Structure formats: structure tokens, C-alpha cells
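Data first, discussion second: the structure below is written as C-alpha cells.
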Amino acid sequence: MVSRLCNQFFHASYVSGAFGTEWSVKYNQQEICALKGSTVFMNGTYTHPERLTVTETFWGIDLVQGVEPTDLSEDPDYSGRVECLTDEQKHFSLKLSDVIRKDEHQYCFRIITNEEKEKWAATPGVQLRVTELHVETPEEVTEGETADLTCKTTCSLTGPTFIWYKNGRPLTTKTIKNNQLHLQTVSSEDAGSYSCAVRGYQHLHSTAHNLNVRHPPKNVSVSISPSGEIVEGSSVTLTCSSDGNPPVKIYTWFKEGGTSPVGSGQNYSIISTTADHTGLHYCVAQNEHGPQNGTVMVTVKSR
């Protein structure tokens, strides 16, 4: 094919003209859905009466009857982004790079011949739709439930293979069907930032969307302050920490062997320790999804 700045042709299904089937332009597609930032090709073939000589071809947008269209290559909005290809077999193609929302038009092929009255506007042309990818997730999901994340578009891409990312890294062990990511049994580890892309255009991935997973407290641990040896009569504070979604607000303290709580709140302070305080202490961290325990050994030495 011969490449020029933009004196060329297009793709859709259309045949008509004053000289019957002698005049025809056939576009390969009537409508194209493209990702914002991608490159689009519009292709087709044409014929014309043998007595005519084609002197010029170019692309225009949104043709209006009786108004001569502007050559796309001369439109400043398309500067440096259009390239036209033709060959001797009357194939034509328009290459449009880095498509944006403003490119959503109907693109038509225009043929000019050596006879003033013998021009051809190939309408209807190719309708271009431009979409971005958008991740749709449940507002929140509870651990143990199933969840479907969807990679949404505003028009139908042709045969896309969707790729999913979590916290910027490709997901290879999850179930992907069409444009959905299926999480069979959600765990707290599934919480994170999800985005999607189409194979071949990984650099055009969607904006990331956070999946919020609600779960009982996890990683419950207890620390002692001050650290080191606890001498009878000294004071000590036990602090309970945990990861929960929603965050833990209820902490209850017990001493091994007892059934009644010895304290509440994230911090449990013993003002004056005695030998009776020696033993295993544990806190129960609880949110609306359940409790989880954390333990620590307290050893009080006599003076």
C-alpha cells in the first residue's frame, strides 16, 4: 500500500451511484468501538466508471449534502494523527492514532475525478465510538461471600481479552470470564486496588477502584509496657492491637482461669502488680463480624 498524509479511503457496507454498480465504496465496518488512546484503522474498497480518472481522494467527517467536506489531514484537531493508505487494487485505509472522545464522528470517504460533476461521497460512513475502561465493584463485600468485578465500556469492543490487575500487578490465579473477574470465596487478602485493561493495550488500563472487604479481627497481638522484668508492686500496661474491617472498637480482657473480665478497652493497666497477676492474659477483640483472641504471659517477680 502507498501511504500519504491523507488523500485516501475507508470501510462500511455501501453500494450505489448514478452509474449503477460501476460506482461503489464498501467499508469493512459500519461502526467501530475504540479505546481512548488507541489506534484505529478504517478500511474498504471502491470502484468507479472506467471512463473516469480519480484525481483526489480524502476523508471527511459528518458529511452534509451540498457542502464540500474538509480534508481530514487539514483539520488542526487531527494534525499528526491521520495517515491514509491506498493501492492499485483500490483498497483504502484510514489510520487514526491516539483517539479521543472528540473523535466520535462519522468518517466518510470522498472521491474526486477528472470530471467536475463526477464526485463521490461514500455515505453513510464509519461511525467511531470511543470508550474508556471503568471498573465496577460491589460497594463492600464480607469475607466468605462471592464477588464479581466488571470491566465496563460504553460501547462494544471487538473480541477483547480482558486483563485484571490488583495493586498494579497482573492477576493470573483468579477466574476471568469475558469482562468479569469472579472471586469465589472472598478473603481479607482480596482487599485492594483493582484495575483492568485489554490485551494489546495494557498501557491503557482503567482507573483503579478499591474493593472493600469486611472481616473479623485478624493478627490480634498483645504488648507489655514497660518491657522487661515485672517486679512486684510496679505498674504495667497491656495493649491489644488488631486488624479488622470495620476497625475493632470493643476489647475485653481476661486472665486464664477466670470467667469474668478483668478489664476493657484497648489498654489494660495494672497499677500495683502482685504474684496473683502472674499468668496468661488475653484480650478479645471484636467487631460486628466476630471476635478474635490475643494472648500474653505476665510474670511478676517478688522483691
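The values are calculated or read from the model by the stated rules, or taken from the named source; none is laboratory data. Just so it is clear, the structure is predicted and the values come from calculations on it, not from any experiment. Cβ: placed from backbone, ideal geometry, glycine included. Neighbour counts: every protein chain shown.
Points to keep in mind about this one:
- Test: residue in segment 95-105 that is polar (S, T, N, Q), surrounded by fewer than 18 Cβ atoms within 10 Å (Cβ to Cβ) and either more than 30 Å from H203 (Cβ to Cβ) or touching a Lys or Arg at 6+ places or on another chain (Cβ under 6 Å) (or both): yes
- Among the residues of this structure, I250 counts as one that is assigned by TED's automatic domain parsing to the domain that holds S227, touching a residue at least 24 places away in the same chain (Cβ under 8 Å) and within 39 Å of the chain's Cα centre (by Cα).
- Residues located in segment 12-31, provided they are at pLDDT 50 or above and assigned to a strand (DSSP E or B): S24, V25, K26, Y27, E31
- Cβ-Cβ distances below 6 Å connect the following pairs, each with a first residue in segment 197-209 that is within 10 Å of E132 (Cβ to Cβ), a second residue that is assigned to a loop (DSSP other than H, G, I, E, B) and of a type outside the set (S, T, Y), and a separation of six or more residues or different chains: L204/G37; S206/L133.
- Scanning segment 50-80 for residues that are touching a Pro at 6+ places or on another chain (Cβ under 9 Å), assigned to a loop (DSSP other than H, G, I, E, B) and not charged (D, E, K, R) yields a total of 1.
- Applying the set (1) modelled with pLDDT under 95; (2) surrounded by 12 or more Cβ atoms within 10 Å (Cβ to Cβ); (3) under 23 Å from I271 (Cβ atoms); (4) not hydroxyl-bearing (S, T, Y) to D243 leaves exactly one unmet item: (3).
- Any hit, segment 193-203, residues being within 30 Å of I250 (Cβ to Cβ), surrounded by fewer than 19 Cβ atoms within 10 Å (Cβ to Cβ) and either outside the structural domain of C33 (by TED's automatic domain parsing) or not small (G, A, S) (or both): yes
- Meets criteria (farther than 15 Å from W23 by Cα and among the charged types (D, E, K, R)) for E118: no
- Exactly one residue out of R101, R129 is more than 30 Å from S188 (Cβ to Cβ) and in contact with an Asp or Glu (Cβ under 8 Å, 6 or more places away or on another chain): that is R129.
- Condition met for R110 (in contact with a strand residue (DSSP E or B) (Cβ under 7 Å, 6 or more places away or on another chain), under 16 Å from P69 (Cβ atoms) and charged (D, E, K, R)): yes
- Of the listed requirements (1) among the hydrophobic types (A, V, I, L, M, F, W, C); (2) assigned to a loop (DSSP other than H, G, I, E, B); (3) in contact (Cβ under 8 Å) with a residue 60 or more places away in the chain, A34 misses just one: (2).
- The sole residue among V135, V186, V126 that is surrounded by 15 or more Cβ atoms within 10 Å (Cβ to Cβ), among the hydrophobic types (A, V, I, L, M, F, W, C) and part of a loop (DSSP other than H, G, I, E, B) is V186.
- Top-ranked residue in segment 138-155 [being closer than 24 Å to S38 by Cβ and in contact with a Lys or Arg (Cβ under 8 Å, 6 or more places away or on another chain); ranked as surrounded by the most Cβ atoms within 10 Å (Cβ to Cβ)]: C155
- Residue selected from segment 91-124 under the condition in contact with a Leu (Cβ under 7 Å, 6 or more places away or on another chain) and among the small types (G, A, S), by the criterion farthest from E31 (Cα to Cα): A121
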